[in-house]
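Here is the structure we will look at.
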Amino acid sequence: MPDAHAATPDARPYDALLLLSFGGPEGPDDVVPFLENVTKGRGIPKERLKEVGQHYFRFGGVSPINEQNRALLDALRKDFADHGLDLPVYWGNRNWSPYLTDVLRDMATAGHRRILVLATSAYASYSGCRQYRENLADALATLEAEGRALPRVDKLRHYFNHPGFVRPMVDGVLKSLADLPDDVRDGAHIAFTTHSIPTAAADTSGTVEDHGDGGAYVKQHLDVARLIADAVREETGVDHPWQLVYQSRSGAPSIPWLEPDICDHLEERHEAGVPAVVMAPIGFVSDHMEVLYDLDTEATAKAAELGLPVRRSATVGADPRFAAAVRDLVLERAASESDRQVTPCALGALGASHDLCPVGCCPARTPKPAAAGADSPYA
């Protein structure tokens with residue numbers, strides 16, 4: 001049986017890859033309309049959206065996420081071309097141009113019939129997986145209503161523990177530690193950060209078997225944090241204490257969300273006499289607005305107020321090793337779909353994630369159709 005990593009890459013039965021992301025404003029006039037897209041159906045007044053948009057206005061109304069996706073798109077196309085993988089790569093967003101429905105329509109018009117989707121979220125959760133699947137179902141429903149022949153759409157598995165995702169983050173932490181003053185480096189703690197979500201959403205993340213006590217969302221982040229901390233210890237000879245912490249909380253204060261918040265954590269570490277902290281945003285693929293504001297601005301200001309030396313390590317972004325990981329994931333899924341031999345590549349204790357999200361995986365509060373899963377209406 002041929003191997004997924006054969007000399008001539010074979011992506012069959014797939015004929016295109018779609019990079020699917022969140023989207024972000026690219027100028028001041030875009031901010032409120034973008035936030036209206038994000039909060040559609042929640043009845044949030046425009047004045048409140050203008051208040052929320054101050055994070056974006058602070059940076060000229062531009063989120064870096066679109067430019068970072070363009071860089072990743074270029075990196076994927078280059079890697080595929082360099083390795084002989086003939087697979088066109090498209091890009092669409094949930095909340096801003098280029099919109100998912102428009103891009104999927106273009107792909108169908110171009111004749112693509114089997115499409116793989118790479119979501120810019122590495123972990124299991126409603127907002128990081130199922131909501132993207134719901135967006136895909138909405139887009140397919142629109143194309144169906146237009147009388148178009150629908151492509152089959154499959155989503156690549158969660159890649160949180162793929163070495164091409166983990167190793168760049170290891171190097172980022174090592175670089176941040178090396179950048180600390182000599183007298184505080186060895187005593188530095190590592191704060192692995194990710195997006196806080198409601199505890200109820202965390203508890204039901206992943207498969208039904210994973211539900212409870214943070215679900216797959218927390219388990220997966222903890223596994224990645226251990227992988228990075230272990231690699232740092234092996235390469236530096238120093239066992240840096242670490243903790244998984246959270247950022248970017250939103251919503252009503254009465255609803256429990258995952259804690260501790262990064263700023264609270266920095267205060268607690270300072271009071272405990274920790275000499276320095278490296279903030280490692282393992283929950284984010286790129287340095288988009290939540291990293292730029294919540295860590296580089298807000299948390300860094302809190303550390304300065306405390307007199308606590310901090311460094312923020314890099315996200316994976318368009319690192320060539322991540323692009324190579326995506327190629328590996330494409331070939332892995334293609335081999336699996338074609339009954340060719342494949343060995344999934346994954347580090348840590350959890351193993352490779354499922355290809356097809358099962359029924360009950362990361363459920364929504366209000367059930368909606370979701371594509372690219374066992375419960376998809378578009379098989």
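The values are calculated or read from the model by the stated rules, or taken from the named source; none is laboratory data. Everything numeric here is computed off the predicted structure, so don't read it as measured data. Cβ sites come from the backbone with ideal geometry, for glycine too, and all protein chains shown count toward neighbours.
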remark   = The one condition ALA11 fails out of (1) assigned by TED's automatic domain parsing to the domain that holds LEU116; (2) buried (at least 20 other Cβ atoms within 10 Å of the Cβ); (3) over 22 Å from the mean Cα position of the chain (by Cα) is (1)
task = Determine the pairs where a residue that is in contact (Cβ under 8 Å) with a residue 12 or more places away in the chain and closer than 10 Å to VAL32 by Cβ, located within the stretch 46-62, has a partner that is acidic (Asp, Glu) and part of a helix (DSSP H, G or I) with Cβ atoms under 7 Å apart, the partner being 6 or more residues away or on another chain.
result = LEU49/GLU36; GLY61/ASP30
query = Going by the structure shown, is GLU47 surrounded by fewer than 18 Cβ atoms within 10 Å (Cβ to Cβ) and at pLDDT 95 or above?
reply = no
task = Scan (1) closer than 23 Å to ARG226 by Cβ; (2) surrounded by fewer than 18 Cβ atoms within 10 Å (Cβ to Cβ); (3) free of Cβ contacts under 8 Å to residues at least 40 places away in the same chain for the single condition ALA301 breaks and write down its number.
result = (1)
ask   = So which helices (runs of 4 or more DSSP H) stay within the stretch 1-88 end to end and still have 3 or more residues that are over 30 Å from ALA323 (Cα atoms)?
value = 31-38, 46-52
query = Only one of these conditions is not met by ASP339: (1) assigned to a loop (DSSP other than H, G, I, E, B); (2) within 26 Å of ALA201 (Cβ to Cβ). Which number is it?
reply = (2)
message = Name the single residue that is nearest to GLY237 (Cα to Cα) among those in the stretch 170-207 being over 20 Å from the mean Cα position of the chain (by Cα) and without any contact (Cβ under 8 Å) to a residue 24 or more places away in the chain.
response = ALA178
query = Quick check: anything in the stretch 194-212 in the same structural domain as ASP287 (by TED's automatic domain parsing), at positive phi, modelled with pLDDT of 95 or more and buried (at least 23 other Cβ atoms within 10 Å of the Cβ)?
reply = yes
request  = Answer yes or no as to whether TYR378 is aromatic (Phe, Trp, Tyr), surrounded by 16 or more Cβ atoms within 10 Å (Cβ to Cβ) and either farther than 28 Å from TYR14 by Cβ or modelled with pLDDT of 95 or more (or both).
outcome  = no
request  = Exactly one condition in (1) surrounded by 18 or more Cβ atoms within 10 Å (Cβ to Cβ); (2) in a strand (DSSP E or B) is not met by GLN243; state its number.
outcome  = (1)
